[in-house]
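K.L.:
Right, I'll just put the structure down here and ask away after.
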Amino acid sequence: MPDNIQHSTFNIQHSAAGGDPCGVLLVDKEPDMTSHDAVAICRRQLKFKKIGHCGTLDPMATGLLMLVIGRATKIQDLLMSEDKQYHGTLTLGATTSSQDKESDILEQKEVPPFSAEQIDAAFDKYTGNFEQIPPMVSAIKKDGVPLYKLARKGIEVERKARAIYVTDYTINRIALPEVEFTVNCSKGFYVRTYAHDIGQDLGCGAHLSALRRSRSGKFTVDKAMKASDLKTASADDIRNSLISLAEISLCAERESPTAECRIVNSEFRMAKVDITERTFAFSLRIVKLSQILDSAPGTNRTLANQLLRSRTSIGANVEEAQAAQSKPDFISKISIACKESRETLYWLRLLIASSIMPSEKLEPLKKEADELVAILTTIIKNSRA
């Protein structure tokens, strides 16, 4: 988070004495601690129950864990949707049942003297958009039961591949059998599976032996409270460390994976859906809301400007998509409109969470933004089919 962010003039008192705490706490999780452990510690120190986390970190892993407190739980899913950065170590020559060092070795093979170019080629295969089969040791549920609970019983079930992406990676050190790397990836990306799959492609197997999350969206671990400090922190210490909803709105220059069109060229099939009228009506409502925000006392003009910027981009890109002559152009414009619709939804959620305006006035507009995102997402999906 930028150091120069000042407290906004939004009407938010996340540290007010006697009031419920509200905001986001960045925690540097230590090894052998579960994500729920961190939540439990924070609940105990604050004596406050409405606390959740934004994305599980395995007990083995360290690094950035974002805790949402009070009204900030309303934007939990939005914070979880951000891209992540991890620093990891994979160990070649040994495959494990959990795909990391926390379980028994299933198979061992000799590690050939791979060159840096061979290692890089194996990593490079997993860049851009691709599908990944989640590991059995994960929190994904099958018929309401987390997969990791089934795995503990020795039960393995079929898992559907999930669409994810890797923006880029860096190989930091090669000291066979270990390879240290940094990867920037989407929500839902399993680094342990990444390590396992790279090992399979190299022919000798591999497992993840170390992992640290360094970034989630615009938030970095260097701004986080150490888990050891959280255990002894007073309620006031935690309140004073919270990032308010206003501060989040000022630093959340969000990027969406849909904004980037990594398109696999296939037979051109453009979706013939007229959404111009819907987006035009939605834009008019956003303009009216922005005017109210801009003139309301005690609010920040930043939010009004953000809403207007997103509204302008949505309309322009939908209009250009309707006139597009090729599949890549069509998907590119619709993807940008979808990204801006998500952005608008994000700001609306912040408005509702921070109680600047009555939620009953904002909920219909939020619902309309949700529907617009769903429609645009469906168009993108159908166009890529």
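K.L.:
For residue 37 and residue 49, compute 0.36 nm times the residue count separating them, minus their Cα-Cα distance, and round to one decimal in nm. Could the numbers behind the result be given before it?
P.N.:
Numbers: separation 12, 0.36 × 12 = 4.32 nm, distance 1.33 nm.
Here the answer is 3.0 nm.
K.L.:
For residue 329 paired with residue 127, estimate the spin-label separation in nm (one decimal), with each label point 7 Å from Cα along the Cα-to-Cβ line.
P.N.:
Between residue 329 and residue 127, the simple spin-label model gives 2.9 nm.
K.L.:
Tell me, what is the 1.4 Å probe accessible area of residue 127, in Å² to the nearest 10?
P.N.:
50 Å²
K.L.:
Quick check: with the 1.4 Å probe, what order do 110, 156, 30 take by accessible area, largest first?
P.N.:
Working: 110 165, 156 140, 30 55 Å².
Putting 110, 156, 30 in descending order of accessible area: 110, 156, 30.
K.L.:
Turning to a different aspect of this structure: Once you've got the Cα coordinates, tell me which of 50/187; 47/231; 50/160; 84/109; 142/187; 125/187 are over 21 Å apart. Before the final figure, lay out each step's value.
P.N.:
Details: 50/187 24 Å; 47/231 13 Å; 50/160 32 Å; 84/109 32 Å; 142/187 19 Å; 125/187 19 Å.
50/187; 50/160; 84/109, as the Cα separations exceed 21 Å there.
K.L.:
Keeping all protein chains in place, calculate the accessible area per residue for region 13-112 (probe 1.4 angstrom), answer in Å². Write down the numbers at each step before the final one.
P.N.:
Working: 4290 Å² over 100 residues.
Here the residues of region 13-112 average 43 Å² of exposed surface.
K.L.:
Follow-up. Over region 13-89, what percent of the accessible surface lies on carbon and sulfur atoms, probe 1.4 Å?
P.N.:
Values: 1470 of 2930 Å².
Taking all protein chains in place, region 13-89 shows 50 percent carbon and sulfur surface.
K.L.:
Leaving ligands and nucleic acids out of the surface, order 330, 114 by accessible area at 1.4 Å, largest first.
P.N.:
Values: 330 5, 114 30 Å².
Most to least solvent-accessible, the answer reads 114, 330.
K.L.:
With each label point set 7 Å from Cα along the Cα-Cβ vector, what nm distance links residue 109 and residue 142?
P.N.:
2.5 nm
The values are calculated or read from the model by the stated rules, or taken from the named source; none is laboratory data. Quantities reported herein were computed from a predicted structural model and do not represent experimental measurements. Cβ coordinates were reconstructed from backbone atoms using ideal geometry, including for glycine residues, and neighbour counts include every protein chain displayed. We work out accessible area using only protein heavy atoms, side chains counted, and drop any ligands, DNA or RNA first. Shrake-Rupley method; radii C 1.70, N 1.55, O 1.52, S 1.80 Å.
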